[in-house]
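Visitor: Encoded as structure tokens, here's the structure I'll be asking about.
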Amino acid sequence: MNTENHNNTTETVAKKKGTDSRKTWILAIIAMVCTIISFIYRYQSGGSDAVTNISKGQSVFAYTLDDVNKVLDYQLKGWNDANIDVFMSGYIKDSSVRFITDKKVKTSWQEITDSYKKGYPNKDAMGKLTFHRDEIRWVNEAAYIAQVIGRWEVIQKHKLEQANPNLGSRDFSSIVNRNAPTHDTLSGRFSLIFIGTPEGPKIQIDHTW
């Protein structure tokens with residue numbers, strides 16, 4: 001009697017251990033499958049995670065490429081109204097702004113503004129500005145970074161040469177009227193990088209040549 005009870009107890013304990021062992025393995029397999037699924041999901045949604053990380057690291061302000069066009073149009077109006085301050089409203093007004101030419105890299109909004117005002121002191125010098133926009137595209141749409149590639153052209157009134165002292169004023173005027181052009185044209189190319197701000201897209205990097 002005692003032997004049978006002992007044997008039954010041993011079998012019961014063995015069965016219980018076997019059941020517990022199977023449960024442990026099942027739970028381990030389920031955990032592993034969940035980990036794999038989570039990894040695959042994160043890998044496939046890398047772009048979304050990137051946007052989330054950008055949003056956590058810095059503020060991202062949405063805009064459209066049409067908004068970029070409007071900034072350029074507003075700059076043109078400001079320039080052609082002889083208002084450089086309005087023109088400069090298209091640039092971001094912080095330490096990240098850069099204006100790159102073949103001569104120098106300007107690193108502040110004020111430095112860029114002062115340079116424009118020195119080079120174009122009045123309406124005649126500013127002339128008429130035109131932008132030829134070759135391409136407007138997203139560099140990183142998720143981060144709202146855009147680029148404009150194009151050509152600029154300024155048409156000014158012609159600057160008359162000093163009169164030859166050996167000619168009378170009447171003779172010089174006749175030469176000017178017959179041969180001199182009435183306008184000067186300055187032109188070049190540009191590449192602009194726009195970023196989003198609370199006031200809309202602004203130029204952060206201007207490479208003009």
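The values are calculated or read from the model by the stated rules, or taken from the named source; none is laboratory data. Just so we're clear, the structure is a prediction, and the values are computed from it rather than from any experiment. All Cβ positions, even for glycine, are placed from backbone atoms using ideal geometry, and neighbour counts span all protein chains on display.
Visitor: Filter segment 52-69 down to the residues that are over 20 Å from residue 153 (Cβ atoms), assigned to a helix (DSSP H, G or I) and modelled with pLDDT of 90 or more, then identify the one that is nearest to the chain's Cα centre (by Cα). If you could, list the steps in order and put the result at the bottom.
Guide: Filtering segment 52-69 down to residues over 20 Å from residue 153 (Cβ atoms) leaves 52-67.
Filter again for assigned to a helix (DSSP H, G or I), leaving 52-57, 65-67.
Subsequent filtering for residues that are modelled with pLDDT of 90 or more retains 65-67.
Working: 65: 11, 66: 14, 67: 13 Å.
Filtering segment 52-69 for residues that are over 20 Å from residue 153 (Cβ atoms), assigned to a helix (DSSP H, G or I) and modelled with pLDDT of 90 or more, the one nearest to the chain's Cα centre (by Cα) comes out as 65.
Visitor: Still on this structure, please answer the following. Consider segment 93-149. How many of its residues are on the phi > 0 side of the Ramachandran plot and without any contact (Cβ under 8 Å) to a residue 60 or more places away in the chain?
Guide: 1
Visitor: Shifting gears a bit: Could you grab me the full set of residues in segment 120-143 that are out of contact with any helix residue (DSSP H, G or I) (no Cβ under 7 Å at 6 or more places or on another chain), of a type in the set (A, V, I, L, M) and surrounded by 13 or more Cβ atoms within 10 Å (Cβ to Cβ)?
Guide: If the condition is that a residue be out of contact with any helix residue (DSSP H, G or I) (no Cβ under 7 Å at 6 or more places or on another chain), of a type in the set (A, V, I, L, M) and surrounded by 13 or more Cβ atoms within 10 Å (Cβ to Cβ), then 125 is the only one that fits.
Visitor: If you don't mind, there's one more thing I want to ask. Under 26 Å from residue 183 (Cα atoms) and touching a helix residue (DSSP H, G or I) at 6+ places or on another chain (Cβ under 9 Å): which single residue out of 93, 117 fits that description? Spell out how you get there, then give the answer.
Guide: Numbers: 93 fails: under 26 Å from residue 183 (Cα atoms).
One residue alone meets the criteria, 117.
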